[in-house]
Amino acid sequence: MQVHLTYDVEIWADGWTDMAARLPAAFRRLTYGPPPHERGALPVNLQILRDNGLRAVFFVEPLFSYYYGLDALQEMVGLIMEAGQDVQMHIHPEWLDELPNEIVPRRKKTPMLHRFSLDEQAAMLDAAAGRLVEAGAPRPTAFRSGNYSANADTLRALARIGVKVDSSMNACFDFPYPDKGSARSLHPSHIEGIAEYPVTLFRDGFGRVRPMQITACSLAELVQGLTRARDQGLPAATLVSHNFELLSADRRSEDRIVTRRFAGLCEWLGRNAAQFPTASFDPSVVPAAPPDWELPQVSPLATAQRYVAQAARRLVH
């Protein structure tokens, strides 16, 4: 089973007021980690991946750079590409009304991409793709929408600008996808001519549906979820993280509990690379899953470990 380790890479200043003063420190903290040690952000993730010989996909949000400057985006893209990892495209439309240039007609702050028309989405995606190229990345071939917000027009807009893979689907969220049957099938498929790789879900030890996200699962849940999904015939799994996911909730210190969890997952994937190879998305091949594929369920003990870790994190941070 192929494993797609994916990151949403984005910069925020904890609100939209006084951004000119606060954004430089936010950029540094979310890219490198909080001072004084600057650990827990992109370099730590990249080093763990490197140490275990793993391939990951970094969906980078470029719209912020129209406000903050191309140099910042070049710095982020450079870190990722120098580590031999894959840069692809991410968008948070919340940035649009902050920008000096008008990519689409101005409106009040709109965080959901599916609220925009087909032409507006195409213009936004084309501008974002071009900005990544300006920053030194190859023209993107894969995309994930911020907030997992997408609809049929998103997929049509991606096709219009030549992007062939989407990974915006997360069935824990209910946005207006073009084909609800495909949207709920929970495995890779073709929709509107685009290769759709949804975020992989599982049932925890109590039967609740959860995404495979580094901060949302215990290590045992991730390992069991991947193993059982493979055994049930899932051909490819997509996991989610962020550039700041190894930081505490307030982004002020490294979260060593989550860092150890991620390192443990990467070590496991490295040891089992023959069965669980990590890879970028190949738009020419969408592996088929069995028609009766169901979400894997992990053990109650694996889920209990998540609760213990969450309690420990609250005590530490």
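The values are calculated or read from the model by the stated rules, or taken from the named source; none is laboratory data. It should be emphasised that the depicted structure is a prediction, and the values quoted were computed from it without experimental measurement. Backbone-built Cβ (ideal geometry, glycine too); neighbour counts: all protein chains shown.
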_Residue selected from the stretch 5-50 under the condition among the basic types (Lys, Arg) and part of a helix (DSSP H, G or I), by the criterion modelled with the highest pLDDT_ = Arg50
*Going through the stretch 51-78 one residue at a time, which ones are part of a helix (DSSP H, G or I) and either in contact with a His (Cβ under 9 Å, 6 or more places away or on another chain) or closer than 15 Å to Leu246 by Cβ (or both)?*
Asp51, Phe64
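Considering only residues that are within 28 Å of Asp204 (Cβ to Cβ) and either modelled with pLDDT of 85 or more or of a type in the set (Val, Ile, Thr) (or both), which ones fall in the stretch 275-293?
In the first step, residues of the stretch 275-293 are kept if they are within 28 Å of Asp204 (Cβ to Cβ); the result is 275-279, 281, 286-293.
Residues satisfying the conditions are Gln275, Phe276, Pro277, Thr278, Ala279, Phe281, Val286.
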*Only one residue in Arg160, Arg139, Arg144 is surrounded by fewer than 21 Cβ atoms within 10 Å (Cβ to Cβ), closer than 30 Å to Ile48 by Cα and either small (Gly, Ala, Ser) or modelled with pLDDT of 95 or more (or both), so which one is that?*
Arg139
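Given the criterion among the basic types (Lys, Arg), under 25 Å from Asn147 (Cβ atoms) and in a loop (DSSP other than H, G, I, E, B), identify the matching residue among Arg261, Arg252, Arg306. Give the derivation first.
On the way: Arg261 fails: in a loop (DSSP other than H, G, I, E, B); Arg306 fails: in a loop (DSSP other than H, G, I, E, B).
Unique residue meeting the criteria: Arg252.
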*Pairs under 8 Å by beta carbon, first residue more than 24 Å from His4 (Cα to Cα) in the stretch 49-75, partner among the aromatic types (Phe, Trp, Tyr), six or more apart or different chains?*
Leu63/Trp95; Phe64/Trp95; Tyr66/Trp95; Tyr67/Trp95; Tyr68/Phe27; Ala72/Phe27; Ala72/Phe64
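Every residue in the stretch 79-122 that is part of a helix (DSSP H, G or I) and more than 21 Å from Val165 (Cβ to Cβ), please. So that I can check it myself, show each step before the final result.
Let us first name the residues in the stretch 79-122 that are part of a helix (DSSP H, G or I), namely 79-82, 93-98, 113-115, 118-122.
Listed by number, the residues that qualify are Leu79, Glu82, Glu94, Trp95, Leu96, Asp97, Glu98, Arg115, Asp119, Glu120.
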_Those residues of the stretch 204-215 which are in contact with a strand residue (DSSP E or B) (Cβ under 6 Å, 6 or more places away or on another chain) and touching a residue at least 60 places away in the same chain (Cβ under 8 Å), in sequence order_ = Asp204, Val209
*Between a first residue in the stretch 151-175 that is more than 20 Å from Ala128 (Cα to Cα) and a second residue that is charged (D, E, K, R), which pairs have beta carbons less than 7 Å apart while being 6 or more apart in sequence or on different chains?*
Ala171/Arg184
*Considering (1) over 30 Å from Leu73 (Cα atoms); (2) modelled with pLDDT of 95 or more, say which one Cys266 fails and leave the rest.*
(1)
*asked:* Can you confirm whether Ala56 is in contact with a helix residue (DSSP H, G or I) (Cβ under 9 Å, 6 or more places away or on another chain), surrounded by 17 or more Cβ atoms within 10 Å (Cβ to Cβ), over 25 Å from Pro24 (Cβ atoms) and not acidic (Asp, Glu)?
replied: yes
